[in-house]
1. Using the Cα gyration tensor of region 109-246, with a ≥ b ≥ c the square roots of its eigenvalues, what is the shape: rounded (a/c below 1.5), prolate (a/b larger than b/c) or oblate (neither)?
2. Could you tell me which residue out of ILE268, VAL203, HIS184 lies farthest along the dipole of region 184-268 toward its positive end? Charges go on the beta carbon: Lys and Arg +1, Asp and Glu -1, centred on the Cα centre.
3. Hey, got the dipole for region 297-367? About the Cα centre, +1 on K and R Cβ, -1 on D and E Cβ, debye to the nearest 20?
4. When a/c reaches 1.5 or more, the comparison of a/b and b/c decides; with that in mind, is the chain rounded, prolate or oblate per its Cα gyration tensor?
5. What residue among ALA94, ALA238, ALA40 has the largest mean-square fluctuation in a Gaussian network model of the chain, using Cα springs under 10 Å?
6. From Cα pairs below 8 angstrom and at least 6 apart in sequence, can you work out the relative contact order of region 84-243, rounded to a whole percent?
7. How much length, in nm to one decimal, is gained on full extension between LYS108 and ARG212, taken as 0.36 nm per residue of separation minus their Cα-Cα distance?
8. Rounded to the nearest 500, what is the 222 nm mean residue ellipticity of the chain from helices alone, with -39500 (n - 2.57) per DSSP H run of 4+ residues and division by all residues?
Amino acid sequence: MQFETDAVYIHIPFCNYICAYCDFCKVYYNKKYINKYLEALEKEIKTNYKGEIITSLYIGGGTPSSLSLEKLEKLFNILKIFNLSKDCEFTFEANPDSLTIDKIRLLKEYGVNRVSLGVETINNKLQTVIDRKTDKDTVITCIKNLKNIGITNINVDLIYAIKEETIDELKEDLNFLLSLEVPHISTYSLIIENNTKLKIDHVNNIDKTLDRKMYDLISKVLKDNNYIHYEISNFAKAGYQSKHNLKYWENKHYYGFGVGASGYLNNIRYTNTRSITKYIEGKTTNEKEGLTKKDEMFYEIMLGLRTNKGINKKIFKDKYNINIEDLINYRKLVINKILEEDNNYLKVNEEYFYVLDEVLMKLIEEL
């Protein structure tokens, strides 16, 4: 059985500097690798892409904006391979300090219509902890340039719960992001991942009680400013929810190209090698996970409950030929107002978004 695929993720691993918290697949910008990497990327795409109409294309990293104008143009010419729909959401990740006005013009020329900016924090003390280098003026100028050139669908990332961060410092970051007047904000509690500088330096997570207080503050402030809390970590003005990321949460199939990229095709989840030398040699796929029907239903539930809409019960029945209420006994969670249910959807009460993992554990025990 062939499954519909209309989304593409492209990974660009190069960075001008490495942030202390980052565990994504990344390497320092190195000119000797760029051309070889782009050639390997083109080969992987040509070998695997089947010509489907693509409705969302996402270039992530790493730091895609670290590429020079010449290399960006080469990348965009490679991406012409894809058959993009007229209303394709075309997202490009960037750091404000490397997204020059000339690069923005190039993005616009090649059809990019959504930009996701890594702002994280503008507090100097907190930037020192996580090794970020972006200042207020650079962010303001970058946003202004994007809007002037006609790219107004902009996301900014916020990282909070950083070592020694206070509630007042978080409020300052939030107020700054609100002043930018962008339609989408993604917020992430700092997680100390293995193989990161923070882990090596024995930096610990902040107190859970404070973390929860920060999460609740973010949710309240952004909702008070007309942002919809449409996914655990994501807030958007009406009509600006990320179409690409919604495909992940709706358990849709998608291509993943590039070193370290993950994809989901024909009920197989795969991850490419994290070794740039192996990738350049053409040894792309590192892991494959063939999913059973039970696995598929697990992903459908786990991902769907991350969103404010939740799981569409009719779609679930059509896909798996079983009513979700016959699969898992969630009645007690509805009675306790942890889950909410109507004729069409089953969703998590937003008050319980923060403890979603605990809610999922209760549900998965019933599978």
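Rule-based calculations on the coordinates, nothing more; no lab input. Please read these numbers as outputs of a predicted model, since none were measured by experiment. Glycine gets a Cβ as well: all are built from the backbone with ideal geometry, and neighbour counts include every protein chain shown.
1. prolate
2. Checked the options; the winner is HIS184.
3. Details: 11 positive and 13 negative charges, 38 e Å.
Dipole of region 297-367, to the nearest 20 debye: 180 debye.
4. It is oblate, given that a/c is not under 1.5 and a/b is not larger than b/c.
5. Maximum fluctuation in the GNM of the chain, among the listed residues, is at ALA238.
6. So the answer I get is 20 percent.
7. Numbers: separation 104, 0.36 × 104 = 37.44 nm, distance 3.90 nm.
Contour length minus Cα-Cα distance gives 33.5 nm.
8. Result for the chain, helices only: -11000 deg cm²/dmol.
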